[in-house]
Structures are given as structure tokens and as C-alpha cells.
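Read the structure below first, then the notes.
The values are calculated or read from the model by the stated rules, or taken from the named source; none is laboratory data. Since we're looking at a predicted model, the values are computed, not measured. Counting neighbours? That spans all protein chains shown, and the Cβs are built from the backbone with ideal geometry, glycine included. SASA here: full protein model, heavy atoms, side chains in, ligands and nucleic acids out. Shrake-Rupley method; radii C 1.70, N 1.55, O 1.52, S 1.80 Å.
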Amino acid sequence: VTSEPVRIGLLGCGNVGAALVELVGQQAADISARTGLALEVSRVAVRSASRDRAVELPEGALTTDAAGVVADPDIDVVVEVIGGIEPARELILAAIAAGKPVVTANKELLANHGAELFAAADDAGVDLLFEAAVAGGIPVVRPLRESLVGERITRVMGIVNGTTNYILTRMTEEGTTYADALAEAQSLGYAERDPTADVEGFDAGAKAAIIASIAFGARVVAGDVYHEGISGITQTDIGFARRLGYVIKLLAVAESTGGDADAEIGVRVHPTMVPTDHPLASVRDSFNAVFVEGAAVGDLMFYGRGAGGSPTASAVLGDLIDAAANAKAGAHAALGRLAKARIRPIDDLVSAYYLNLEVIDEPGVLAQVAGIFGRHGVSIRSMEQEGLGAEARLIFITHTAREADVQATLGDLRELPAIARVGSVLRVIGE
Ligand SMILES: NC(=O)c1ccc[n+]([C@@H]2O[C@H](COP(=O)([O-])OP(=O)(O)OC[C@H]3O[C@@H](n4cnc5c(N)ncnc54)[C@H](OP(=O)(O)O)[C@@H]3O)[C@@H](O)[C@H]2O)c1
């Protein structure tokens with residue numbers, strides 16, 4: 001049997017694009033034997049034609065005319081690994097309009113314009129697949145939208161940013177300061193020179209929006225995600241976390257209050273106290289994991305390499321084969337109708353909290369502090385005290401409380417003359 005040729009138009013040939021070219025080259029014979037599809041990277045669009053490429057490309061394949069690749073009638077499937085909003089958005093819309101399936105790794109684009117793109121793909125009856133956009137090489141999108149489509153998912157919690165997980169792991173295991181751990185991550189190429197998108201939680205926030213959209217079938221965008229980063233985490237917090245039986249992880253959390261039309265979706269990214277016996281606590285270095293809680297299936301965890309050219313290209317290739325097979329069968333995958341999302345304000349979050357207060361060490365302070373907690377209905381589960389010369393540090397873990405009440409408590413505490421400083425406030429899971 002001769003295999004059906006599938007001509008790929010690749011937009012972008014950087015970390016992911018180059019790794020994809022290499023992977024297709026390595027796997028083409030196996031893929032052809034198993035699926036009857038003969039994948040070939042026919043044309044490759046880049047920004048700079050003169051740059052040296054890490055991979056060998058077919059003679060004449062390289063061009064700087066991305067729109068021309070999309071419009072080329074010889075191109076069957078388009079892979080977008082340029083990144084950013086424009087021109088990626090226009091190119092994807094043009095491919096869809098031309099009836100071509102699209103595979104993308106672009107979390108930023110999907111987290112901001114996903115609804116528009118999914119609707120266009122649905123209307124045109126073509127695939128828009130994006131496994132690589134969340135947690136790189138780890139299969140998360142397809143399990144959520146296919147295997148778990150019948151499941152009522154209550155919560156998804158992910159370690160979806162390798163840079164911050166690397167930094168927190170160094171701080172936890174080597175006692176490194178935040179600044180030193182960040183510098184180390186930069187020298188290893190894990191962190192960008194401007195690390196804001198990673199360390200302040202924007203990257204994880206984009207992935208959280210995509211996860212929430214698929215898990216709950218609703219239009220959640222990056223702007224809906226509440227986020228806090230890790231730049232305020234200190235060795236003091238790390239040390240207390242350890243003593244109390246936790247590790248600090250930057251989690252992307254998407255949860256739904258119920259399965260009905262009134263259900264609200266909470267979606268947030270923040271450093272979190274994770275019990276050391278929780279599966280997410282064992283996810284170290286730059287590894288990623290996504291922990292899914294389902295009503296019938298119980299707990300699931302997907303673990304692996306959340307970034308890097310080769311792992312990400314693996315996810316893109318899986319989508320490519322799926323898209324090509326669907327196109328051959330005249331079928332396409334659909335996300336279904338995405339409902340308007342009712343986003344739960346962060347003030348309504350109910351969680352346990354870790355609070356770190358520096359106080360003047362004098363009689364009566366503890367009673368004043370306890371009084372303020374009591375006034376806002378925030379009840380204390382445990383307290384530790386540590387001397388700091390004329391000052392003392394008080395570490396509290398609360399029972400579950402409403403975010404708004406905890407913030408009101410903090411507001412009053414800041415007014416108290418005996419409080420020298422309100423340090424980190426972290427949400428605690430596993431209560
Ligand atoms: N790297 C990862 O580990 C990873 C993981 C998951 C998802 N992703 C996503 O994958 C996408 C690509 O990431 P990457 O790391 O491969 O990026 P990258 O290394 O910066 O590569 C981007 C590529 O796009 C090309 N390009 C830029 N503007 C273009 C334009 N207007 N027309 C045509 N080509 C253009 C660049 O051309 P030149 O080479 O000529 O500059 C380059 O080849 C992003 O959406 C990213 O978020 C990456």
C-alpha cells in the first residue's frame with residue numbers, strides 16, 4: 001500500500017519548529033507504516049532567511065512569506081510555532097478559512113483569542129489542535145477533552161511553569177536565595193533575561209485559562225486569571241513550610257463550584273503550601289505535572305517535561321498525525337460549545353492560609369493579633385513563634401476561611417502598632 005502524502009507547512013523554525021523537523025525525519029517511516037500517512041515538511045516560514053538553522057531543510061523549502069505558505073494549495077496541514085499574537089492569529093485564521101487543519105503550540109494566543117479561533121475552526125469543520133500549548137510534551141489537553149469528556153471535573157491543579165519550579169526546588173533543597181536561584185535558572189537557559197512572564201505567573205496564567213476552558217467547557221481568558229508570582233518567597237517561608245510538613249509550589253488552579261449552569265469557575269495562579277505527601281510535592285526541578293480531580297474517576301496525575309524543543313515537538317507531532325488522519329476520514333475534533341464563563345471573584349475563594357507576621361516582642365501582642373483574627377471569623381489551626389531579638393515572628397496556619405475575610409484581617413493587622421511587618425501570605429492545600 002502506498003502512503004498518502006501529507007504536506008506540512010511549518011510556520012516558525014526555532015526551538016520547537018526545528019525539533020519538529022528532526023522528529024518528523026526520524027519517525028516518518030514508522031508513522032507511515034502505522035497510519036498510512038507519509039508526513040513531509042514541505043515549506044518552512046521564518047523571520048530571517050539568512051540565519052543558520054539547527055536542522056537540514058529540503059532544498060528551497062525555506063521562505064519568509066508565511067502567508068504564502070498558508071495559501072499554497074500544495075500545503076495540507078499548517079503548524080504554527082511562531083508564538084505571540086500577530087501574525088500567528090491571522091495566519092491561523094487564514095489556514096482555517098482555506099479549510100486546512102492547524103496545529104499550534106501558542107498558549108499566549110489561545111489564552112487571549114481561543115474562543116474566536118475555536119469557533120472559526122468549528123464553522124469550517126477543520127481541526128485546531130493545541131496539545132503542546134499546555135505543559136509541553138505532557139498529554140493533558142487530549143485526556144481532558146477526549147478521555148475525560150464524560151467526567152465531572154471538580155478541580156485541576158498544575159505545576160505548569162518549569163522555570164519557577166526549578167527556582168523553588170533550588171531554594172528548598174539547597175537553601176539558595178530567590179535571587180541566586182533565578183540567576184542559576186537564567187544561566188542554564190531555563191529563565192529568560194526578563195523573567196517576568198515566568199516568575200510573576202503570567203505564563204502559568206495563560207495555561208490555567210486554557211485548562212479551565214477545556215476542563216469546564218467555558219470561555220476563560222488570561223485576563224480572568226488571578227495571579228501572584230514567587231518573587232516574594234523567602235528562605236523563612238521555605239523553612240517554615242518544611243517544619244510544618246509542606247513544600248512551596250507555584251500552582252495553576254482551575255476549579256468549578258458545580259456541574260450546573262450556575263456553577264462558577266475559579267482560576268488562579270499563586271505560590272501554594274503543598275503537603276509533602278501530595279503527589280505534586282514530588283515534582284522537582286523543571287518538571288511539570290497536572291493533577292486532575294474528577295467526581296467519578298478520582299485523582300489523576302500527568303507528569304513529565306513541560307517544555308523544551310523535543311518534548312514540545314512530540315506533542316505537536318501527535319496532533320499533526322491526528323489532524324491528518326481526521327482530514328483523511330473527513331472528520332474533525334471539536335471542543336464543543338464553550339459556554340460563557342462565570343468567574344468566581346478571588347474574594348470568594350475558600351482556603352486555608354499560611355501567614356507570616358513580624359511583631360514587636362511585648363506582652364499582650366498575641367492577644368491583640370488573635371482578637372483581630374476572631375473579629376473576621378478567621379480561625380487559627382496552628383501557631384508557631386520564633387524570637388528575632390526585640391521582635392518575634394508569628395507563623396499561623398488558619399482553618400479554611402474566605403479570602404475576603406483573610407484580606408480584611410491582614411488590613412487590620414497592618415494598622416496594629418505592634419506589627420512590624422506582614423510577610424508572605426500563602427494559600428494551603430490539602431485541608
Ligand atoms: N520552547 C518551548 O519549550 C515551548 C514549549 C511549549 C510551547 N512553546 C510555544 O511554541 C511556540 C514557539 O516557541 P519557540 O521556543 O520555538 O520559539 P522561537 O525559538 O523563538 O522560534 C520562533 C520562530 O518563529 C519565527 N518567526 C518569528 N516571527 C515570524 C514571522 N512573522 N513569520 C514567520 N516566522 C516567524 C522565527 O524565525 P527566525 O528563526 O528567523 O527568528 C523562529 O524560527 C511559542 O508559541 C511558544 O510559546 C514553546
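If each of Arg402 and Asp277 carries a label point 7 Å out from its Cα toward its Cβ, how far apart are those two points in nm?
Reported label-point gap for Arg402 and Asp277 is 3.3 nm.
Take the solvent-accessible surface of the protein heavy atoms, probe 1.4 Å, and return the percent of it on the range 41-188 that carbon and sulfur atoms account for.
48 percent
Taking H as built 1.01 Å from N, whose amide H comes closer than 5 Å to the amide H of Ala38, not counting residues under 5 places away?
Sorted by chain and number, the residues that satisfy this are Glu4, Val6.
Let me check against my output: what whole-number percent is the relative contact order of the range 39-113, with C-alpha pairs under 8 Å and at least 6 apart?
RCO, the range 39-113: 27 percent.
Report the Cα centroid-to-centroid distance between the range 316-373 and the range 151-186 in angstrom, as an integer.
Cα centroid of the range 316-373 versus Cα centroid of the range 151-186: 16 Å apart.
Restricting everything to alpha-carbon atoms, can you work out Rg to Rh for the range 298-380 with a Kirkwood hydrodynamic radius?
Reported Rg/Rh (Cα atoms, Kirkwood Rh): 1.31.
For the range 173-286, just say rounded, prolate or oblate: build the C-alpha gyration tensor, square-root its eigenvalues into a ≥ b ≥ c, call rounded for a/c under 1.5, and beyond that prolate if a/b exceeds b/c, oblate if not.
The shape class here is oblate.
Rounded to the nearest percent, how much of the accessible area of the range 229-309 (1.4 Å probe, protein heavy atoms only) is carbon and sulfur? Mind showing how you got there, number by number?
Working: 1480 of 2980 Å².
Of all accessible area on the range 229-309, carbon and sulfur atoms account for 49 percent.
Please state the shape class of the range 57-104: rounded when a/c is under 1.5, otherwise prolate if a/b exceeds b/c and oblate if not, all from the C-alpha gyration tensor. Intermediate results must be reported in sequence, preceding the final value.
Working: a/c = 1.78, a/b = 1.23, b/c = 1.44.
Here the range 57-104 falls in the oblate category.
Calculate for the chain the 222 nm mean residue ellipticity that helices alone would give, adding -39,500 (n - 2.57) per DSSP H run of length 4 or more and normalising by residue count, nearest 500 deg cm²/dmol.
Rounded to the nearest 500, it is -11000 deg cm²/dmol.
Counting pairs of alpha carbon atoms under 8 Å apart in space and at least six apart in sequence, what relative contact order in percent does the chain give?
Working: 919 pairs, mean separation 69.7, N = 431.
The normalised contact order for the chain reaches 16 percent.
For the chain, what D do you get in µm² per second when you plug the Kirkwood radius from alpha-carbon pairs into Stokes-Einstein at 4 °C and 1.567 mPa s?
D = 56 µm²/s.
For Glu173 and Ile380, calculate 0.36 nm times their separation in residues minus their Cα-Cα distance, and state this gained length in nm to one decimal. Intermediate results must be reported in sequence, preceding the final value.
On the way: separation 207, 0.36 × 207 = 74.52 nm, distance 2.88 nm.
Using 0.36 nm per residue and subtracting the Cα-Cα distance, I get 71.6 nm.
Can you give the extra length, in nm with one decimal, that the chain gains between Asp285 and Gln186 once fully stretched, where that is 0.36 nm per residue apart less the Cα-Cα distance?
34.3 nm
Considering only the chain, what is the antiparallel percent among its DSSP beta bridges, to the nearest 5?
Given both bridge residues lie in the chain, the antiparallel proportion sits at roughly 65 percent.
For an R0 of 25 angstrom, estimate the FRET efficiency from the Cβ-Cβ distance between Asp123 and Ala71 and round to the nearest 0.05. All intermediate terms of the calculation are to be shown ahead of the outcome.
Details: r = 19 Å, r/R0 = 0.77.
Efficiency for this residue pair is about 0.80.
At a Förster radius of 51 Å, what calculated FRET efficiency corresponds to the Cβ-Cβ distance of Ala97 and Glu362, to the nearest 0.05?
Computed FRET efficiency for Ala97 and Glu362: 0.10.
Between beta-carbons, use under 13 Å as the cut-off and find the net charge around Glu403, counting Lys and Arg +1, Asp and Glu -1. The partial results should precede the final answer.
On the way: positive: Arg268, Arg344, Arg402, Arg427; negative: Glu228, Asp347, Asp348, Asp405.
The answer is 0.
Once the piece of chain linking Ile85 and Leu388 is laid out straight, how much longer is it, given 0.36 nm per residue of separation minus the C-alpha distance between them?
Here the answer is 104.1 nm.
With a 1.4 Å probe and every protein chain kept in, tell me what percent of the accessible surface of the range 357-431 is carbon plus sulfur. Before the final figure, lay out the partial values.
Numbers: 1730 of 3520 Å².
Solvent-exposed carbon and sulfur of the range 357-431 make up 49 percent of the total.
Could you tell me the accessible area of Asp260 in Å² (1.4 Å probe, neighbours in place), rounded to the nearest ten?
Looks like 100 Å² after rounding.
Evaluate the relative contact order of the range 361-431 (contact order divided by residue number), counting alpha-carbon pairs under 8 angstrom at least 6 apart; express in whole percent. Mind showing how you got there, number by number?
Values: 62 pairs, mean separation 20.0, N = 71.
Computed value for the range 361-431: 28 percent relative contact order.
Averaged per residue, what accessible area in Å² does the range 239-375 show with a 1.4 Å probe, protein chains only? Intermediate results must be reported in sequence, preceding the final value.
Values: 5730 Å² over 137 residues.
For the range 239-375, the solvent-accessible area averages 42 Å² per residue.
Can you tell me the orientation of helix 202-216 relative to the chain, as the angle in degrees between its alpha-carbon axis and the longest Cα principal axis, to the nearest 10?
The helix 202-216 is inclined about 70 degrees to the chain.
Working from Cα positions, state the angle (0 to 90°, nearest 10) between the long axis of helix 107-124 and the longest principal axis of the chain.
Helix 107-124 sits at roughly 40 degrees to that axis.
Rounded, prolate or oblate: which fits the range 1-106 when a ≥ b ≥ c are the square roots of the eigenvalues of the alpha-carbon gyration tensor, with rounded for a/c under 1.5 and prolate only if a/b beats b/c?
On the way: a/c = 1.79, a/b = 1.27, b/c = 1.41.
Here the range 1-106 falls in the oblate category.
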